[in-house]
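Okay, structure first, notes after.
The values are calculated or read from the model by the stated rules, or taken from the named source; none is laboratory data. Remember, predicted model here, so these are calculated numbers, not experimental data. We place every Cβ from the backbone using ideal geometry, glycine too, and count neighbours over all the protein chains shown.
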Amino acid sequence: GLQVYLPSTADGACVDTGSNAGSGDDNDGSGMWVNVPPGGLIVNSGDLIELWANGRWRSAMHRVSNDALNRRRLSVVFFTGPLDDALIEPITHHGEGARFPTVLAGEHLRAKLDKSNTGGT
């Protein structure tokens with residue numbers, strides 16, 4: 001099923017996951033994977049919206065696994081985004097500073113693809 005990664009808070013505590021606990025802490029111990037309950041809805045906003053929202057909306061790490069190997073699964077993925085030449089700059093409030101640089105949407109996407117195709121992080 002679908003799992004979403006919940007990072008630890010600044011004081012090292014994980015978000016309470018109740019009975020939906022997944023496989024526990026990840027490799028570096030900074031959070032945990034939790035199962036999305038049947039019928040649950042997850043909206044994954046992605047890295048560019050995190051940049052645009054100046055970090056207020058976080059991009060969620062997620063994964064899909066097939067727990068029951070004898071069942072078939074169909075996954076449908078849809079990606080959308082702004083035009084390549086759209087200038088994306090963080091929206092700041094009440095005098096806060098920008099936590100991310102201003103980027104062109106196309107350059108941001110190409111940099112993400114380059115990292116994923118070379119195994120970078």
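Some values worked out for this structure:
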| item | result |
| --- | --- |
| Failed criterion for L83 (all others in (1) hydrophobic (A, V, I, L, M, F, W, C); (2) assigned to a loop (DSSP other than H, G, I, E, B); (3) over 16 Å from I49 (Cβ atoms) hold) | (3) |
| Candidate set: region 41-66, residues that are touching a strand residue (DSSP E or B) at 6+ places or on another chain (Cβ under 9 Å) and in a loop (DSSP other than H, G, I, E, B); chosen: the one modelled with the lowest pLDDT | S65 |
| Complete set of residues in region 81-98 that are more than 17 Å from the chain's Cα centre (by Cα) and not aliphatic (A, V, I, L, M) | P82, D84, D85, E89, P90, T92, H93, H94, G95, E96, G97 |
| Matching residues in region 35-59 - criterion: being touching a residue at least 40 places away in the same chain (Cβ under 8 Å) and of a type in the set (G, A, S) | G55 |
| L83 being surrounded by 10 or more Cβ atoms within 10 Å (Cβ to Cβ) and modelled with pLDDT of 90 or more | no |
